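Below is one structure, written out as structure tokens; comments come after it.
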Amino acid sequence: MSAVALQMICVAGLLGVAVLATMISRLKAATSVVYGATLALSAVALIGAMRSLLDPPAAAGDLVLPIGLPWLGAHFRVDALAAFFLVVVNLGGAAASLYGIGYGRHEPAPHRVLPFFPAFLAGMNLVVLADDAFSYLLCWEFMSLASWALVMAHHREAGNAKAGYVYLVMASFGTLALLLAFGLLAGPAGDYGFVAIRAAQHTPYVATLVLILMLVGAGSKAGLVPLHVWLPLAHPAAPSHVSALMSGVMTKVAIYGFIRVIFDLLGPPTWAASVVVLILGGITAVMGILYAMMERDLKRLLAYSTIENIGVIFACLGLALAFQANGLKLAAALAFTAALFHVLNHSFFKSLLFFGAGAVLTSTGERDMDRLGGLIHRMPRSSFAVLVGCVAISALPPFNGFVSEWLMFQAVLQSPDLPQWALKITVPAVGALLALAAALAAACFVKAYGVTFLGRPRSTAAETAHEVDRYSLSAMFILAALCLLAGILPGPVIDALSPISVQILGGSMPIQADEPWLSIVPIAESRSSYNGLLVMVFITISASLAVVVIHRFASHALRRGPAWGCGFPDPTPAAQYSGASFAQPIRRVFGTLVFHARDHVVMPPPGDTRPARLRIELHDLVWEQMYQPIASAVGLSADRLNRLQFLTIRRYLSLVFATLVTLLLVLAIWS
Amino acid sequence: MVVISDILVQGVQMLLVLLLAPLLTGFVRKIKARLVLRQGASVFQPYRDLLRLLRKEVVLAENASWLFRVTPYVTFSAIWVAAALVPTFATGLLFNWTADLIAIVALLGSARFFLALAGMDVGTSFGGIGSSREVMIAALAEPAMLLIFFCMALVAGSTQLSTVANFMASSYVGLRVSLGMALIALIMVALAENARIPVDNPATHLELTMVHEAMVLEYSGRHLAMIELGAFLKLLLYVSLIACVFLPWKIAVFGAGPLAYAVGAASYVVKLAIAGFLLALFETATAKMRVFRIPQFLGAALMLGLLGTLLLFVSRSF
């Protein structure tokens, strides 16, 4: 059976499960049945996708279904790029299904989740499989709508209706941009097959427009600043395993769309395009993580951190474009591999962290970090897995997040070879932005972990928390293990990604399997190399050595006592450092500029016994200065147009007549 | 046989940094004391302090978790591994290629991450204030650091420290304005990263502007000893880093034989002494700055790095 047929059978299976779920969703066993079925189907699809990535067939055959446009049919195909993204989608899908078996039991309204979950998975698979513009857009809309239904699963909770509304508006807007982009690509001839689009020549004018439209269309789904506003509303609103899919996987499907169109279909890039992508990526990374730093809702913090990672990936893609435009194949492959590696890594640790947030939500009912704390004592296993995720997402060795960021910085260091001055200056500046984002990410996850899991419990819910079920735990631990594995054995991952760069860029990084000791060497050993395995081994050895020596020669005495705190014991857990206080230094350094942040202290006069109050004022400038004016303009014009609703039949008829005459006049003058 | 001797040399390097680190701190303290006309403790006092801490019992806060107890070992070993990967007396040791400059700095980042978490673990305000300020300083230092590395990599064509050191020791380099800027910027970042004056005061934890010492306030006994030793090692690491990149004289090339190693080691100790003396002199002559002046301090380092990079581009294009 060909690879694409296998994938399509899995997709059909998922759609079948969706239909089945509508019928059985009120049964008690429905949760296990549905998630069990999606787990099995995703696992099969994952194995199939891995096979086509690691052992690519000589010619990727396509599958034509007699649906869609009548003269075209619906084309589906699995090439190296699609295979990689299918791995990401189905790995995330399998993990979310496994997690869902346990987590879904706490779902108050399973009939709102169960049918849409398999449909959402099927939609994401189909987008990656599609090989013509029409099916692509159709599947894209299907994916958007399925995820929208999942966002609206708990539609009565405060804020969720707004989240769903903003998501729907932004998704339609994005699809509109994609529609126009594909229209331009297909040209007046209107051949919507990807093969024909790839073969056609595109004028620079069309290429520029397509780039802008793709940045809007795919960028809004991925969460590029300033099109990100829906993401921190919608992702946390869904049930946690769906949040994990939306953040960890659906944003990657958007990135797949961007890569497919800009790198594959559009032909050779121009260097000016890369400057735009680079700068957008850098700004998105820093803005995303600054937003996350200010957040006190755990799931929204994770959603904002997704925006940061999307920025990192787009910056890598921008670098790849810059090198590709100048014919520096090796450096382009390095940047492109860094982007793909980060796609994979982010899908691991972001899913893991959302699962962790879901575990916290199940056992405490809280998402507000400032009402949590001390969970490491009551949820030891979950908190260990989340710790791994936090270290990995903070780009710290020896975990996987570091490897992709390291590759990215190696690509940044290749920029002196670029001939254009604009790029020479932009790339180091963006590199500094990315370093800032990486450091802020570490700060942000110290805050997220420290406030949620460490310290003393700030509420009774946190005090009475308990460990979650086996399924949830095993999903988290599998992802944590993958984070470590990809971090200490990056060489095989890079080698597995090389067929994609060969297909897309026509060059790839050196084969890493030939390097001694499983090191990774992007260009040459004298330039730079990194060996995650040895770093891990060294740390383990030296730590165990230290432990052995200390326990052999030093005092073993240990006494528990009240915290020292310099002799100032804190009376209540509420006096601990909260998320807002932890973020205060960074708010003060960056927030005054980015958020117009102000701290207002209301101090009662001497003798007054009322407590002093601190109020923090933060402004989301993107929302207030971009979206609110648009929203109010739309509202205003809708109000004005509302008058047209109450006309008499005579006036309606004259309106129709006037429109007709105007159109005819326009036509007459035009031609 | 060759492999065994290679591993031996690498082991000597690991032991050397471990043994020299407290001495460097003791030396700096002694010089500082002498500069303000105090007698000062012996240069070996840090060793005695460590031994005393090791003999004492650990007083652990009631709600401290396993993370709090594991962190001293994790941070110590991460810093030790990082310090062992920086060339000290010889370049090109067996495992030097395990991690380049960026990875070494990231290893220090791992150590800091766990230390900041441990500061949050007990749930006292001191730990929180220390952690939150520590991560702020790191967030400011890291972009500056990247631009400094960028500047260095532009000159030497590598981020591999051995290659950089060999290149800098060769006669191709000469005096460059960019490298001077990178040096100044790196020193500024190193001061911030090591919690030295003017960014933080290593001698106290009883003022509200403290950072590092507040974060580790709850530690005692053997745990504190590990953390202190880690801090000593970190100082040594940065001094070695600056020495091997900017003052690589007499550094031995790998496989040069015991005599060259001995010369390299002797010159390394001399470099450490000079750096320690300059550090003490600087700290005595400067006042600590307010916490929210640090962004300007590190922003200046960032700008120096950027300027150095741009100057290199300009000088290359002519």
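The values are calculated or read from the model by the stated rules, or taken from the named source; none is laboratory data. These numbers come from a predicted model, not from an experiment. Don't worry about glycine lacking a Cβ; one is built from the backbone with ideal geometry, like all the others, and counts go over all protein chains shown.
Among residues of segment B:91-136 being without any contact (Cβ under 8 Å) to a residue 24 or more places away in the chain and either touching an Asp or Glu at 6+ places or on another chain (Cβ under 9 Å) or hydroxyl-bearing (Ser, Thr, Tyr) (or both), the one that is farthest from A:Leu413 (Cα to Cα) is B:Ser125. Among the residues of segment A:495-525, the one identified as within 21 Å of the chain's Cα centre (by Cα) and under 25 Å from A:Ala244 (Cα atoms) is A:Leu497.
The test for being in contact with a helix residue (DSSP H, G or I) (Cβ under 8 Å, 6 or more places away or on another chain) and in the same structural domain as A:Cys390 (by TED's automatic domain parsing) does not hold for A:Ala557.
Among the residues of segment A:17-70, those identified as of a type in the set (Gly, Ala, Ser) and either free of Cβ contacts under 8 Å to residues at least 12 places away in the same chain or part of a strand (DSSP E or B) (or both) are A:Ala29, A:Ala40, A:Ala58, A:Ala59.
Taking the numbered list (1) outside the structural domain of A:Gly487 (by TED's automatic domain parsing); (2) surrounded by fewer than 19 Cβ atoms within 10 Å (Cβ to Cβ); (3) of a type in the set (A, V, I, L, M); (4) within 30 Å of A:Phe402 (Cα to Cα) in turn, A:Ile541 passes all entries but (1).
Name the residue that is nearest to A:Val88 (Cα to Cα), counting only residues in segment A:219-247 that are of a type in the set (Gly, Ala, Ser) and touching a Leu at 6+ places or on another chain (Cβ under 7 Å). Taking the candidates together, the pick is A:Ser247. Of all residue pairs spaced 6 or more apart or on separate chains, those with beta-carbon atoms under 6 Å, a first member in segment A:180-197 that is within 9 Å of A:Asp132 (Cβ to Cβ) and a second member that is among the small types (Gly, Ala, Ser) are A:Tyr192/A:Ala133; A:Tyr192/A:Ala186. For segment A:410-419, the count of residues that are without any contact (Cβ under 8 Å) to a residue 40 or more places away in the chain, surrounded by 24 or more Cβ atoms within 10 Å (Cβ to Cβ) and touching a helix residue (DSSP H, G or I) at 6+ places or on another chain (Cβ under 6 Å) is zero.
For segment B:85-97, the tally of residues that are within 8 Å of chain A (Cβ to nearest Cβ) and crowded, with 24+ Cβ neighbours inside 10 Å stands at 1.
Within segment A:445-464, the set of residues being under 29 Å from the mean Cα position of the chain (by Cα) and either within 11 Å of chain B (Cβ to nearest Cβ) or closer than 21 Å to B:Arg69 by Cβ (or both) comprises A:Phe445, A:Val446, A:Lys447, A:Ala448, A:Tyr449, A:Gly450, A:Val451, A:Thr452, A:Phe453, A:Leu454. Residue count for segment A:507-532 satisfying the condition of being of a type in the set (A, V, I, L, M, F, W, C) and within 9 Å of chain B (Cβ to nearest Cβ): 3. Taking segment B:265-318, which residues are over 21 Å from B:Phe27 (Cα atoms), polar (S, T, N, Q) and crowded, with 16+ Cβ neighbours inside 10 Å? Hit for segment B:265-318 is B:Thr309, nothing else.
If you check A:Arg588, A:Arg651, A:Arg643, A:Arg610, which single one turns out to be of a type in the set (Lys, Arg) and within 32 Å of the chain's Cα centre (by Cα)? Reasoning before the result, please.
Values: A:Arg651 fails: within 32 Å of the chain's Cα centre (by Cα); A:Arg643 fails: within 32 Å of the chain's Cα centre (by Cα); A:Arg610 fails: within 32 Å of the chain's Cα centre (by Cα).
Residue meeting the stated conditions: A:Arg588.
The selection criterion, being within 14 Å of chain A (Cβ to nearest Cβ) and either out of contact with any Cys (no Cβ under 9 Å at 6 or more places or on another chain) or in a helix (DSSP H, G or I) (or both), holds for B:Ile294.
Being more than 7 Å from chain A (Cβ to nearest Cβ) and more than 21 Å from A:Tyr530 (Cβ to Cβ) is the filter here, so list the residues in segment B:105-128 that pass it.
Of everything in segment B:105-128, those that are more than 7 Å from chain A (Cβ to nearest Cβ) and more than 21 Å from A:Tyr530 (Cβ to Cβ) turn out to be B:Leu115, B:Ala118, B:Gly119, B:Gly127.
Looking only at segment A:325-361, residues that are of a type in the set (D, E, K, R) and out of contact with any Phe, Trp or Tyr (no Cβ under 9 Å at 6 or more places or on another chain) come to 1 in all.
Tell me which residues, restricted to segment A:393-422, are acidic (Asp, Glu) and more than 10 Å from chain B (Cβ to nearest Cβ).
A:Asp417
Table: residues versus (1) part of a loop (DSSP other than H, G, I, E, B); (2) buried (at least 24 other Cβ atoms within 10 Å of the Cβ).
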residue	(1), (2)
A:Thr337	no, yes
A:Ser347	no, yes
A:Ser351	no, yes
A:Gly356	no, yes
A:Phe384	no, no
A:Leu396	yes, yes
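Of all residues assigned to segment A:441-455, none qualifies as being in contact with a Pro (Cβ under 7 Å, 6 or more places away or on another chain), assigned by TED's automatic domain parsing to the domain that holds A:Gly311 and assigned to a helix (DSSP H, G or I).
Among the residues making up segment A:71-87, a single one is farther than 17 Å from A:Asn125 by Cβ and in contact (Cβ under 8 Å) with a residue 60 or more places away in the chain: A:Leu72.
Here B:Leu161 clears all of (1) surrounded by fewer than 23 Cβ atoms within 10 Å (Cβ to Cβ); (2) touching a residue at least 24 places away in the same chain (Cβ under 8 Å) except the condition numbered (1). B:Ser240 meets all of the listed conditions (1) at pLDDT 90 or above; (2) over 21 Å from B:Val270 (Cβ atoms); (3) crowded, with 23+ Cβ neighbours inside 10 Å but one, namely (2).
Among the residues of segment B:75-83, are any over 17 Å from the mean Cα position of the chain (by Cα) and within 23 Å of A:Phe453 (Cβ to Cβ)? Within segment B:75-83, none of the residues are over 17 Å from the mean Cα position of the chain (by Cα) and within 23 Å of A:Phe453 (Cβ to Cβ).
Scanning segment B:15-38 for residues that are of a type in the set (Val, Ile, Thr) and exposed (fewer than 15 other Cβ atoms within 10 Å of the Cβ) yields a total of 1.
Checking every residue in segment B:128-135 against the condition of being acidic (Asp, Glu) and within 18 Å of A:Cys566 (Cα to Cα) gives zero matches.
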